[in-house]
Amino acid sequence: MVTSRTARSTALALATAVAALTATVLPFQALAAPAPNGSRAALLGLPALPAVTARSETPVLHDDEAGGDADADDPAIWRNAAAPDRSLVIATAKQGGLRVYDLDAREVQSVPAPASPGPDHAPGRFNNVDLVHGLRLPSGRADLAVTSDRGGDRLRFYRIGGNRAGGPLTDVTDPAAPPVFSSSQAEIDEQRTAYGLATWTDKATGRSYALVSRRERTSVALLEIVPGAGGEVGYRKVRTLDLPADFRLPDGTSWSPCGEPGELPQVEGMVVDPANGMLYAGQEDVGIWRMRADLTGTPKLVDKVREYGVPGAYDEETEECVAGADPGYGGTRLTADVEGLTLLTEADGDGHVLASSQGDDTFAVYDRELSDGNEYEGGFRVTAASAALDGSQECDGAAALAAPLGRKYPNGLLVVQDGHDAPGDAERPSTNFKFVDLGEVRQAIED
């Protein structure tokens, strides 16, 4: 779903592009960019990218009272090792809680978010989700779905059991789990709370962690996931790292992304490479950072959004940012916001980091190898397969699993959020998730 931050970033990007187009002529390949899901990229004068299409899509969610305030955001893919055909996609629906889908994109379970603790407080709002595999519980090892509850500033944990009556997910959250960032309910109510999420299991120790970002702040916290004696699961904070909010430009000036007064450039999309313990974090209006998942050492900015360095002034009346002249310090592959990050692994240890470039409806692909400096290797779009099955626009979250998932997806699966499901109801906010054959994505990248 498009947030006000995304709308401001898109407006900033479009204003910058329009200003540039008054002095330049669009190259032919930009004019020839495909219209479906690529109209904004064409307007920005960006090159055409290969397209893949979805095989199926989940039922539409509506972020209104009639739809239960459900808004598709972030997916995770759980592989059923005993029966790969019965693998699952677990996804957040914000105030609508969690949704669980089978490989035909049919809903098999809906898990509500927690109720508000009081009439003046926010209800639960599930933002991002990731998985922990083989966590040792008193009853044995278990796979867990972990989600960030933005409404309550907490993490919640759900044990995954493929054959459980009533649905595969069971809530095992420790009721004493503390807020991640807030010190009181009053601070929680300000909603600068747990936002983006990635999980990581340290090979050296076998301990599992969650990395959690903070809404409207640059903070990322490392939380150790702690099983309790009764089978419940909680966490303890290890350390916190703050990414920059201001940046020194090559001309010696200082720049910070435009936003509402008091907002800092937040992180949402994150993924950890288990092979080397590196965290990739998307600071939405800045770019993609690489850092150690234990949050020690110095973060490195791998790539920047096109809008990096563009000055902007916040207009209180329109609640949007007005762009100034582009000084030319931005990147060339990402259009703000940077959103869903996911990892595409390969059997030989190679692979890619995929990032959603939300502002132009594309996905950017980077080499996973540190020795190659996370080199950019191309991009793609998820476009309409038919009039009834559209592509992905303004994608928030994405998840890839490079493992055979039975007859349906023998080459693996990519799931991406669609921020504007079509044809849909034009009068209602409509979102869902698209299922894409990972083999088609690999071919698009290689071509």
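When T201, T332 are compared by accessible area of protein heavy atoms, the largest-first order is T332, T201, using a 1.4 Å probe.
I'd like the carbon and sulfur percentage of the solvent accessible area for the chain, probe radius 1.4 Å, heavy atoms only, ligands and nucleic acids excluded. C and S fraction of accessible area: 50 percent.
For R55, the shell of other residues with beta-carbons less than 11 Å away shows a net charge of -2, using +1 for Lys and Arg and -1 for Asp and Glu.
With Cβ to Cβ distances under 13 Å as the rule, what net charge do the other residues near N80 carry (K, R +1; D, E -1)? Please list the in-between numbers first.
On the way: positive: R79, R86, R164, K408; negative: D85, D102, D143.
The answer is +1.
As a check on your grasp of the helix formula, calculate [θ] at 222 nm for the chain: sum -39500 (n - 2.57) over DSSP H runs of n ≥ 4, divide by the residue count, round to the nearest 500. Spell out each step's value before the answer.
Working: 5 runs with 40 residues, N = 447.
Computed mean residue ellipticity for the chain: -2500 deg cm²/dmol.
Per residue, how many Å² of accessible area does the chain show with a 1.4 Å probe? It would help to have the intermediate numbers written out before the result.
Working: 17610 Å² over 447 residues.
I get 39 Å² per residue for this part.
The trypsin sites (Lys or Arg not before Pro) of segment 392-439 that DSSP puts in a loop, and whose beta carbon has at most 15 other beta carbons within 10 Å, are R407.
Once the GluC sites (Glu not before Pro) in DSSP loops with at most 14 neighbouring Cβ atoms within 10 Å are cut out of the chain, the longest remaining piece is 191-315. Size descriptors for segment 99-146, from the alpha-carbon set: Rg then Dmax equal 14.8, 40 Å. Looking at the chain, the DSSP beta bridges with both ends there are about 95 percent antiparallel. For the chain, dividing the convex hull volume of the Cα atoms by the residue count gives 153 Å³ per residue.
With pairing defined as another cysteine C-beta under 4.7 Å, the cysteines of the chain that fail it are C395.
Build a GNM of the chain with springs between Cα atoms under 10 Å apart, and of T147, T58, T170 the one that fluctuates most is T170. Summing Lys and Arg as +1 and Asp and Glu as -1 over all other residues whose Cβ lies under 13 Å from the Cβ of W200 gives a net charge of -2.
The heavy atoms of V322 offer some 80 square angstrom of accessible surface to a 1.4 angstrom probe. Using the Stokes-Einstein relation with a Kirkwood hydrodynamic radius computed over Cα pairs, the translational diffusion coefficient of segment 230-303 at 25 °C and a viscosity of 0.890 mPa s comes to 171 µm²/s. Taking square-rooted eigenvalues a ≥ b ≥ c of the alpha carbon gyration tensor, is segment 43-149 rounded, prolate or oblate, where a/c under 1.5 means rounded and, failing that, a/b exceeding b/c means prolate? Oblate. Between R292 and S139, the modelled label-to-label distance comes to 3.7 nm, taking each label 7 Å out from Cα in the direction of the beta carbon. Once backbone amide H atoms are built at 1.01 Å from N, G234 has D174, V226, G228 as its partners under 5 Å, excluding neighbours fewer than 5 places away on the same chain. Which distance in nm do the two modelled labels at A81 and K237 give, with both placed 7 Å along the Cα-to-Cβ direction? Taking the simple label geometry, A81 and K237 are separated by 3.5 nm. For S430, nonlocal amide neighbours, meaning residues 5 or more places apart or on other chains whose placed amide H falls under 5 Å from its own, are D421. Overall, the anisotropy analysis places segment 311-447 in the oblate class: the square-rooted eigenvalues a ≥ b ≥ c of its C-alpha gyration tensor yield a/c not less than 1.5, with a/b not exceeding b/c. When the trypsin sites (Lys or Arg not before Pro) in segment 171-237 are filtered for DSSP coil states and for at most 15 other beta-carbon atoms within 10 Å of their beta-carbon, the remaining sites are K203, R207.
Put a dot 7 Å past the Cα of S256, heading toward its Cβ, do the same for R164, and the two dots end up 4.3 nm apart.
The values are calculated or read from the model by the stated rules, or taken from the named source; none is laboratory data. Just so we're clear, the structure is a prediction, and the values are computed from it rather than from any experiment. Neighbour counts are summed over all protein chains in view; Cβ atoms, including those assigned to glycine, are modelled from backbone coordinates with ideal geometry. The area values use the complete protein model at the heavy-atom level, side chains included, leaving out ligands, DNA and RNA. Shrake-Rupley method; radii C 1.70, N 1.55, O 1.52, S 1.80 Å.
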